[in-house]
Every structure is written in C-alpha cells, then in structure tokens.
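The values are calculated or read from the model by the stated rules, or taken from the named source; none is laboratory data. Remember, predicted model here, so these are calculated numbers, not experimental data. We place every Cβ from the backbone using ideal geometry, glycine too, and count neighbours over all the protein chains shown. What goes into the accessible areas is simple: the full protein's heavy atoms, side chains included, and nothing from ligands, DNA or RNA. Shrake-Rupley method; radii C 1.70, N 1.55, O 1.52, S 1.80 Å.
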Protein chains: 2
Amino acid sequence: MADSKPLSSLDGNPVTTEALLWDVFGIVVHEAIRKGTNASEKCHYSIKKGAAFLGLGTDSVRVVKADERGKMIPEDLERQISLAEAEGAVPFLVSATSGTTVLGAFDPLEAIADVCQRHGLWLHVDAAWGGSVLLSQTHRHLLDGIQRADSVAWNPHKLLTAGLQCSALLLQDTSNLLKRCHGSQASYLFQQDKFYDVALDTGDKVVQCGRRVDCLKLWLMWKAQGGQGLEQRVDRAFALARYLVEEIKKREGFELVMEPEFVNVCFWFVPPSLRGKQQSPDYSEKLAKVAPMLKERMVKAGSMMIGYQPHGALGNFFRMVVANPMLTQADIDFLLNELERLGQDL
Amino acid sequence: MADSKPLSSLDGNPVTTEALLWDVFGIVVHEAIRKGTNASEKCHYSIKKGAAFLGLGTDSVRVVKADERGKMIPEDLERQISLAEAEGAVPFLVSATSGTTVLGAFDPLEAIADVCQRHGLWLHVDAAWGGSVLLSQTHRHLLDGIQRADSVAWNPHKLLTAGLQCSALLLQDTSNLLKRCHGSQASYLFQQDKFYDVALDTGDKVVQCGRRVDCLKLWLMWKAQGGQGLEQRVDRAFALARYLVEEIKKREGFELVMEPEFVNVCFWFVPPSLRGKQQSPDYSEKLAKVAPMLKERMVKAGSMMIGYQPHGALGNFFRMVVANPMLTQADIDFLLNELERLGQDL
C-alpha cells in the first residue's frame, strides 16, 4: 500500500478513507484507494473525474457490469470485489445509481446493499436524477433499499425543476462528518464567539467558501407546492413519458430503444429513406447520422431541443426527458410532428 | 519522490503538475508536490483546503512571510524556495494575492514575478477580491505585474457585485489546457458530431457537470454599465472607504487598525468604559469582546451587519468592506452612529 497513503485532513492529520467520499463540486464523488471502488458501467462520468481530482487516479475505479437495461449486476459486483482484494486493493465504497443519465435505470439497491454489508463497504447512491421519485407513492418502489445507503446524492434541480443548482447530500452519519472532513477553521471567516450555536453554521462544512443558500429553493418550493404537489409533478412526468411511449409505438418511423422504467424516453427517428431497410449493411451507420442532422435542424428552426447520444454499441438515438411540469400532451404531439416535419426529406 | 507521483489524468495517463493548478470548486486552488508551493501567510484558506482535496496534503503548502501590512515579502519567498529545494521538494507554483480577505493587501507582483521567473515557477494570482481594481485607471497600479501571471482568479461577484457566483479564471496558456486537464470525453453528454465547432463548448473544460452560465452576468453587467460605469463603481468604493476612514479619525472611540490601501476598513470600536485604559493589562482581552457583543446587538436590532475577526496577534476588530455601489455617505454616518448607539453602555 506504499502509494495508497491516506489523504491528509485539513489539520494535517490523516483522515479515514471515508473522508474521500464527500460532496465535491456539487456532484458526489466516490472513489477507492487503489482499484478499490466499484461503480456500474452506466454510472455518471463524475465518478472517474472525482478520482482524478482527489489524487486517487482513475485506476482506482473498478467498473461493474450492467445488464441490458443498464442496471448494475450484483453478482458482478461481488466478483469485482473479490478480484480487487486478490490484487491487494482495499475496496471501500460502492457507488450505485438511481436513475442513470441515458436510460434512466435504477440499480437493484437491496441486493447491492447486501453485498456491501457482507464486505463492510460504504454504499453511496447517486440518486441525483432519480431521487425525486421517492416523493411518489406510486413509483418510489424503484428506489427500494435506498434507506440502507450510507450516503445519497439528490438534485432537486433535476426532476423537481428547482433552479440550478440545488443539490443535497444525505448521510446516515450523525457524528458531524462533513465538519470533520471539510472544516478548515479559518478564524477570519468562521467566528466561534457568536451569540448563537455555531454548530448551525454550514460555511465550514462544505467545499466552497462563498456560495448561495441553495437549500432555500427546495424549502420554498416544498412549502409552496406541498408534498402532494411535488408528488403530482413526479407522477405527471411518468404519465407523460408513458404517453410519449405509446405515441411512438403508434407512429411509423419511430422506434423505441427500450421500454423505459423512468421518464427518459430513448428512441430513433427512422426517416423515410431508411424505413424497411433494417437489413442493409449500412443501415446502422446511416441511422446514427439522423439524430445529429435533426438536432441541427431543430436548433436552427428554433422549435425545440432534444438530446441525443450513442450508447454502447447503439448508434445515436434521441433521449427525450419528460420532466418539465408545464409540458402537456399537446407538446408531446408537437415534438413528434416536428421530428416528422424536419426529417421528411431524409 | 516516492510519494509524489503525478496524479493520473482522466484517461489514465500521467499529467504534468500544472494540471493541479486549475480552478476547482469556483475557488482557485494551487498546490505543490511535496512542500513545493508558496503562498503568503495572509493568503486565503482555500489554498490549504485545495491541497487536502487534491490529495497533495496540506504539508505541500509552504507559507511565505508577510509584512505588517499583509503583503508577501519577496525575499522570504526566495528563501522558502531554497529551503524547499534543499529538502528535496519540487516547488512548482507560487500563489500571490491581490486583495487579501481581511486587510485588503496587494502583494508586490513585479518582485514576485521576478522570483518566479528566476526559478521557473508558475505564478498564480488570487485576485478574487482585488481583481476588479484593474477597471480603475486611478487604482490599477495596485496590481502592477499581474500581466506576468500564468493564471489569475477573479470574482466579479465580489467588488463588482455581480450575483453569486461569477468567477473567472484567466490564463496565459493558449494550448487548451482546461480541456486537456478537465476533459473526460463523456460521449453521452459532450457530442462531437455537432454542426458547429465543438471547441466552443465549455462543458467538458470545467470541474462541474450541470452548471449555470455565470459569465452571462458579467457580460450583461458590462454591457449595461460600460467600462466607465464599472470603473465608477470601483472608484466610488475607494472614495467612500476613504470617507469612512476620515470619519473614524474624527470620532472618539474609534481606532483604525491601519490605513487601508483598499476598501477593507479595519477598526476597533472602543466603548466608553475602555477609553483611555490602553495601559490596563486586560485592555486587549476586553476590547476583543466588544465586536462580538456589538455584532449580536446589531443582528438582533436588525439594523446592519459588519464582519469582525481576530488577525494574528490582534484581537477582534470590525472589517467594514465598502463595495455596494448603492452606499452613500449617509450610510457610512449611520454605521458609525449606530455603533456608538449600540455600544454606549459598554
């Protein structure tokens, strides 16, 4: 372990490895000392980026296989842990994802938590995108097991559409870990001789110095909408995503990548010239060029913006994320009509 | 150098040490490999915090002496570099400050740049607070030499009062260093097959993923106010700070910590019971308790908020930062009158 010495804490003493897990840059970063962390192959790129920034190196991240729907395979997690240990590494953290970026996949948290428990590993859940689903009685089962996580990252600025940025890091810990990890006791900024309990001050618990009171956005929104109002937003997003899926199935020239389990609807628009040509050797190559071309046209027309990307072996497909609570079925109809209009000559 | 191996870059290749210097967390962080960086003892606490986060350890930061006005002493910088090298360390970065947090001191950049040039060290200038002074023809001499810096951090959200947050990192480099250091090439987010030059996309050059277009605030403000309008803001802040200083000198019970060179006006309020008691053995101890007590009273009265802090051997004193362009002489008068009112029975 010559090259895996613990990072220094701010007062110069070594800190426990857990100190490396905390919310950095508004994105939660989770790494391992020497090939010790496990994250699904569909996890967010921030995992590797965090490893680089924290000085651990990207080799510290060990990728766990995901199934065809993008969900982490717990058996492979178990296998990666054994492999890592066999190589003399010290795994300490598993990063699961609730709501992956492209497919919107939810990792099987109960099974992953079992693995973590067996091996004494910290379970972090990146629920930045999917965490808001907990507000829905109907859909919260997607996150079953999240109560067993040691830490959870959640971005109300995503599905709940709070203004950027509004990110929460939730911890089981009650030992003031953030203060112990992040505190730098700058006496010229964090006075201790105040007239109220300075434990309430958050300034010395975070990475940044000057920052906005982002939690206020969530608090005000929650007060204004109520738990029920926010639940309706989530349920409405699911329902509209379902509507989009059904419309896609009805129309010629649209092909779903897969049945979504969340509000990420991934699909190809197959233009007239490619319809019925699935057997052509250059079909996939030609299809992959359609999304960028349509994206250019919609941007130039100023009519809409839909993201696209390749994914593993799959060529470029559109990813419509149905989150905005102001969206209606008419907007969804417009989206499909507009794609047809923009792509009719392709 | 067994424990000072370069950090891995995001693609697994080693990066040069310069890659460690970049804008992290909206604060610029600058560190050295093994006791290799130099920063003045009055520099911002983010320097050490950054060293901890980047996995370099706080021991990597070597502190350079400052004079009684809080300015880095170039001769001591030279000495610290020699000491570090004698210990086998590899100094690579010097972090100077233009506008320290408490005293508002400007380091002598020309002399520091000379030292950096002689030793081949990267010169970073933390001009987060003082950088806006460059907009003033009258006062910009305070930053003479900043044109020789390799990197400069500047926060228009401070003296120019752009909305939090608005931070710029300025580089001499023209080799796309940020992209080379931060780029993670996540194909599902940073598509390369766009219809315009993707070199214009900033998403893959920064630490964060989702973030606001903070530069727009500066651009709009600059368009609205013009260079002259912003210059007036800066000059007005200097003038009002000068007014405050002169008023402090006129009034009994107020004592300047020192003549300010910037808009940080540091002073003690000496309440009636302590006036003329400078020779008492417990004078300093009693005086240090006045600012926290007055702060409590002003907060509870809801009349104003002025920061205070100890500084080196000096007990708590107020630090009035004159930045808000809406402030008038009447506000300054109110501030002093209110302190007298709140502290008359002490």
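Restricting attention to the range B:98-123, the residues that are assigned to a strand (DSSP E or B) and open to solvent by 10 Å² or more (accessible area, probe 1.4 Å) total 1.
Set side by side, the residues A:L287, A:L274, A:L342, A:L314 differ, and just one is within 14 Å of chain B (Cβ to nearest Cβ), out of contact with any strand residue (DSSP E or B) (no Cβ under 8 Å at 6 or more places or on another chain) and modelled with pLDDT of 95 or more, which is A:L342.
Pairs are defined by a Cβ separation below 9 Å, a sequence spacing of at least 6 or placement on different chains, a first member in the range B:162-177 that is of a type in the set (D, E, K, R), and a second member that is assigned to a loop (DSSP other than H, G, I, E, B); the pairs so defined are B:D173/B:D150. In this structure, B:L230 does not qualify as open to solvent by less than 30 Å² (accessible area, probe 1.4 Å), under 19 Å from A:G210 (Cα atoms), touching a residue at least 60 places away in the same chain (Cβ under 8 Å) and more than 14 Å from chain A (Cβ to nearest Cβ). Is it the case, given these coordinates, that B:L142 is of a type in the set (A, V, I, L, M) and at pLDDT below 95? Considered against the rule, which asks whether it is of a type in the set (A, V, I, L, M) and at pLDDT below 95, B:L142 comes out as no. Within the range B:296-310, is there a residue that is farther than 23 Å from B:Y243 by Cα, within 13 Å of chain A (Cβ to nearest Cβ) and touching a strand residue (DSSP E or B) at 6+ places or on another chain (Cβ under 7 Å)? Yes - at least one qualifying residue is present in the range B:296-310. So how many residues does the range A:308-324 have that are surrounded by fewer than 17 Cβ atoms within 10 Å (Cβ to Cβ) and either of a type outside the set (S, T, N, Q) or over 22 Å from the mean Cα position of the chain (by Cα) (or both)? Looking only at that region, the number is 4. Looking only at residues in the range A:152-196 that are more than 13 Å from chain B (Cβ to nearest Cβ), part of a loop (DSSP other than H, G, I, E, B) and over 23 Å from A:G229 (Cα atoms), the one that is most open to solvent (accessible area, probe 1.4 Å) is A:T174. Only residues that are over 21 Å from A:G50 (Cβ atoms) and assigned to a helix (DSSP H, G or I) were counted in the range A:81-97, giving 4.
Residue pairs whose Cβ atoms lie under 8 Å apart, sitting 6 or more positions apart in sequence or on different chains, and linking a residue in the range B:251-262 that is over 14 Å from B:V290 (Cβ atoms) and modelled with pLDDT of 95 or more to a partner that is outside any loop (DSSP other than H, G, I, E, B) and open to solvent by 40 Å² or more (accessible area, probe 1.4 Å), are B:R251/B:E340; B:L256/B:K249. Restricting attention to the range A:57-97 and to residues that are within 14 Å of chain B (Cβ to nearest Cβ) and either hydroxyl-bearing (S, T, Y) or touching a helix residue (DSSP H, G or I) at 6+ places or on another chain (Cβ under 7 Å) (or both), the residue that is most open to solvent (accessible area, probe 1.4 Å) turns out to be A:R62.
Any residue at all in the range B:209-223 that is part of a loop (DSSP other than H, G, I, E, B), under 24 Å from the mean Cα position of the chain (by Cα), surrounded by 13 or more Cβ atoms within 10 Å (Cβ to Cβ) and at the interface with chain A (Cβ under 9 Å from one of its Cβ atoms)? Show your work before the answer.
Restricting attention to the range B:209-223, the residues satisfying the condition of being part of a loop (DSSP other than H, G, I, E, B) are B:209-214.
Narrowing the set further to residues that are under 24 Å from the mean Cα position of the chain (by Cα) leaves B:211-214.
Keeping just the survivors that are surrounded by 13 or more Cβ atoms within 10 Å (Cβ to Cβ) gives B:211-212, B:214.
Of the ones still in play, those that are also at the interface with chain A (Cβ under 9 Å from one of its Cβ atoms) are B:211-212.
The answer is yes; a qualifying residue exists.
The set of residues from the range A:291-338 being basic (K, R) and in contact (Cβ under 8 Å) with a residue 60 or more places away in the chain comprises just one member, A:R319. The residues of the range B:124-145 that are in contact with a Leu (Cβ under 8 Å, 6 or more places away or on another chain) and either open to solvent by 20 Å² or more (accessible area, probe 1.4 Å) or within 14 Å of chain A (Cβ to nearest Cβ) (or both), listed by number, are B:W129, B:L134, B:L135, B:R140, B:D144.
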